[in-house]
Amino acid sequence: MTTAPQRWDESDDQLFLRYGDVFVPRRAEQIDTVCGLVAPLPDRDAPHLLDLGCGEGRLTAALLQNHPEARVTGLDGSDTMLAAAAERLAPFGDRARLVKASLQDRSWRHGTYAAIVSSLTVHHLDDDGKPQLYRDLHTMLVAGGRLVLADLVRPATAAAAAWTACRWDDEVDQQAAAPPGDPSAAGAFRDSRWNTFRYPDLVDKPATLAQHLRWLDEAGFDDTDLCWALAGHMVIAATGRHRDRGAR
C-alpha cells in the first residue's frame with residue numbers, strides 16, 4: 001500500500017516534469033488566464049514581474065512571451081526545477097532571472113514588482129503562512145500592481161470534495177487519452193495518489209475560496225475575484241492598493 005507523502009521530494013519533481021501537462025487540469029488554459037490577468041502592467045517602461053514557485057519555467061516563459069517589455073524573476077526551492085527552468089528560459093537572456101529560495105522563507109520578500117504570480121505553490125503553506133504571504137506580497141507591489149494565483153482550492157463540504165476528486169480524475173483521464181497526452185499518465189496519477197482531494201496528505205494544504213478572499217482583503221488588496229475554476233483548481237486575482245499597507 002502506498003503511504004501518503006510527508007514532503008515534496010525529487011521523485012515528485014521528476015513525476016511532475018514528465019506528466020505535469022496531464023496532471024494539471026487544462027494547464028495551458030490556466031497559464032493563459034494568469035498572463036492575461038496581469039495586464040495592464042502599471043510600470044510600462046520596464047515592468048518587473050515575480051513568479052513564485054516557478055518550477056520548470058512554463059508560466060515564466062509565457063509571461064515573457066506575452067509581455068515583451070517585461071523582465072521576470074522566477075523563485076523556486078528545487079534545484080531540479082531550476083535547472084529545467086534555466087534551459088527553457090535561456091532564449092530570453094537577461095530578461096529572465098532565477099533565484100533559489102523556499103516559499104516559506106521571508107528573506108526574499110522585498111523589492112518592488114509590477115505584478116506577482118504563482119502557480120500551484122501557495123497551497124504548500126499552512127493557514128498561518130498564507131495570510132502572512134499575502135501581507136508581505138502586498139508591500140512588494142506597486143500601486144495598481146496585480147497578484148494572480150493559480151492554485152488548488154479546498155472544497156468547503158465533504159460532498160463537494162468527493163465530487164471534485166472525481167472531476168479531477170476525469171480531467172486527467174481525458175487529457176491522458178487526447179493528443180498530445182501520454183496514456184501512461186493516468187496510471188501514474190493514480191499510483192502516485194496525486195489527487196489530494198481523494199488522498200489527503202501533509203504536503204498539500206489547500207484553503208477554501210472564502211479563506212483566500214478574506215486573507216487577501218485583510219492584507220489590503222482590492223478587486224479580488226475568482227477568474228477561473230475547474231476540478232479543485234482556481235485562478236484568483238487581486239489589485240495592490242499602495243505599498244505601505246500590510247504588516248511585515
The range 227-241 residues that are aliphatic (A, V, I, L, M), paired with ones that are surrounded by fewer than 21 Cβ atoms within 10 Å (Cβ to Cβ) and assigned to a loop (DSSP other than H, G, I, E, B) (beta carbon under 8 Å, 6 or more apart): LEU230/PRO25; LEU230/ARG26; ALA231/PRO25
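If a residue has to be of a type in the set (Phe, Trp, Tyr) and touching a Gly at 6+ places or on another chain (Cβ under 9 Å) to count, how many in the range 102-139 make the cut?
Taking the range 102-139 as the starting set, the residues that turn out to be of a type in the set (Phe, Trp, Tyr) are 108, 113, 134.
Next cut, touching a Gly at 6+ places or on another chain (Cβ under 9 Å) only: 113, 134.
Residues in the range 102-139 being of a type in the set (Phe, Trp, Tyr) and touching a Gly at 6+ places or on another chain (Cβ under 9 Å): 2 in total.
Surrounded by 22 or more Cβ atoms within 10 Å (Cβ to Cβ), within 24 Å of PHE23 (Cβ to Cβ) and touching a residue at least 40 places away in the same chain (Cβ under 8 Å), is that true of LEU125?
Values: surrounded by 22 or more Cβ atoms within 10 Å (Cβ to Cβ): no; within 24 Å of PHE23 (Cβ to Cβ): yes; touching a residue at least 40 places away in the same chain (Cβ under 8 Å): yes.
Here the answer is no, as LEU125 does not meet what is asked.
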Residues that are out of contact with any helix residue (DSSP H, G or I) (no Cβ under 9 Å at 6 or more places or on another chain) and of a type in the set (A, V, I, L, M, F, W, C), drawn from the range 93-115: ALA101, TRP108, ALA114
So LEU216, is it within 17 Å of the chain's Cα centre (by Cα), surrounded by fewer than 20 Cβ atoms within 10 Å (Cβ to Cβ) and closer than 19 Å to LEU152 by Cα: no
Enumeration of residues in the range 207-248 that are at pLDDT below 95 and touching a helix residue (DSSP H, G or I) at 6+ places or on another chain (Cβ under 8 Å): GLY240, ARG241, ARG243, ASP244, ARG245, GLY246, ALA247, ARG248
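Quick check, is SER192 loosely packed, with under 15 Cβ neighbours inside 10 Å and of a type in the set (S, T, N, Q)?
no
Conditions (1) at pLDDT 95 or above; (2) closer than 25 Å to ASP32 by Cβ; (3) within 14 Å of the chain's Cα centre (by Cα), marked per residue:
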{"position": "GLU87", "(1), (2), (3)": "yes, yes, no"}
{"position": "PRO91", "(1), (2), (3)": "yes, yes, no"}
{"position": "TRP108", "(1), (2), (3)": "yes, no, no"}
{"position": "ALA114", "(1), (2), (3)": "yes, yes, no"}
{"position": "HIS124", "(1), (2), (3)": "yes, yes, yes"}
{"position": "ASP128", "(1), (2), (3)": "yes, no, no"}
{"position": "GLN132", "(1), (2), (3)": "yes, no, no"}
{"position": "ASP136", "(1), (2), (3)": "yes, no, no"}
Residue in the range 74-90 that is of a type in the set (Val, Ile, Thr) and more than 26 Å from ARG241 (Cβ to Cβ) present: yes
Verdict on ASP21 being modelled with pLDDT under 95 and not hydroxyl-bearing (Ser, Thr, Tyr): no
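The values are calculated or read from the model by the stated rules, or taken from the named source; none is laboratory data. Since the model is a prediction, treat every value here as computed from it, not as a measurement. Positions of Cβ are backbone-derived with ideal geometry, glycine not excepted, and every protein chain shown enters the neighbour counts.
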